[in-house]
Amino acid sequence: MSELLDYSWLHEHTALYLRDPERAHDWDAAPVGGTGLVPTLLLTTVGRHSGERRPTPLLYQPTGTGFIVVASRGGSDHHPAWYLNLLANAACEVQVGRFGYAARARVLSSEERGPYWQRMVRFWPDYGNYQARTSREIPVVILDANSR
């Protein structure tokens, strides 16, 4: 079902982040059913097959020394490519507005995921709807900006 969704806004947002990161940071979620501006970061992974840099804008929340992101893919039964890239190589780059950081991704276990998942659902309630659409447990990832 969600594989048929129009993701052209994602490419447009990525292009905006690369061109004007301060403007892209606060993203207008109205085109995808959200309300108001929400903070986004630009996660750059290394393609697990291509070896090429792959930037992806994601909603986030700060935590400790890094950022929380969710590998929802809109409730698809398949993980997003950026998440699969991080499983192959946890080293990544994070850009929050105009500030960039080397980071290391850590996927939270089912046991530690709960409070972070709840925080992200409070931030973006559709995550709860996405989880209801799929049988996979949607991963929660910490992007630790202080380790590489």
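The values are calculated or read from the model by the stated rules, or taken from the named source; none is laboratory data. What you see is a predicted model, and the numbers here were worked out from it, not measured in a lab. Glycine gets a Cβ as well: all are built from the backbone with ideal geometry, and neighbour counts include every protein chain shown. Accessible surface areas use protein heavy atoms only, side chains included; no ligands, DNA or RNA. Shrake-Rupley method; radii C 1.70, N 1.55, O 1.52, S 1.80 Å.
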For this session: Considering (1) in contact with a strand residue (DSSP E or B) (Cβ under 6 Å, 6 or more places away or on another chain); (2) surrounded by 13 or more Cβ atoms within 10 Å (Cβ to Cβ), say which one TYR83 fails and leave the rest.
Result: (1)
For this session: Specify which of the listed residues (PRO57, PRO21, PRO80, PRO62) is within 28 Å of THR134 (Cα to Cα), out of contact with any helix residue (DSSP H, G or I) (no Cβ under 9 Å at 6 or more places or on another chain) and not hydroxyl-bearing (Ser, Thr, Tyr).
Result: PRO62
Exercise. Is at least one residue of the range 119-140 part of a strand (DSSP E or B) and either of a type in the set (A, V, I, L, M) or modelled with pLDDT under 95 (or both)?
Worked result: yes
Problem set entry | Residues of the range 129-138 classified as open to solvent by 30 Å² or more (accessible area, probe 1.4 Å) and in contact with a helix residue (DSSP H, G or I) (Cβ under 6 Å, 6 or more places away or on another chain), total | 2
Problem set entry | Search result, residues across the range 32-47 that are free of Cβ contacts under 8 Å to residues at least 60 places away in the same chain, open to solvent by 10 Å² or more (accessible area, probe 1.4 Å) and out of contact with any Lys or Arg (no Cβ under 9 Å at 6 or more places or on another chain) | VAL32, THR35, GLY36, LEU37, PRO39
Problem set entry | Matching option when the condition is out of contact with any strand residue (DSSP E or B) (no Cβ under 9 Å at 6 or more places or on another chain), open to solvent by 20 Å² or more (accessible area, probe 1.4 Å) and within 23 Å of GLU137 (Cα to Cα), among SER50, SER110 | SER110
Exercise. Looking at this structure, is ARG23 of a type in the set (Lys, Arg), open to solvent by 20 Å² or more (accessible area, probe 1.4 Å) and closer than 21 Å to LEU143 by Cβ?
Worked result: no
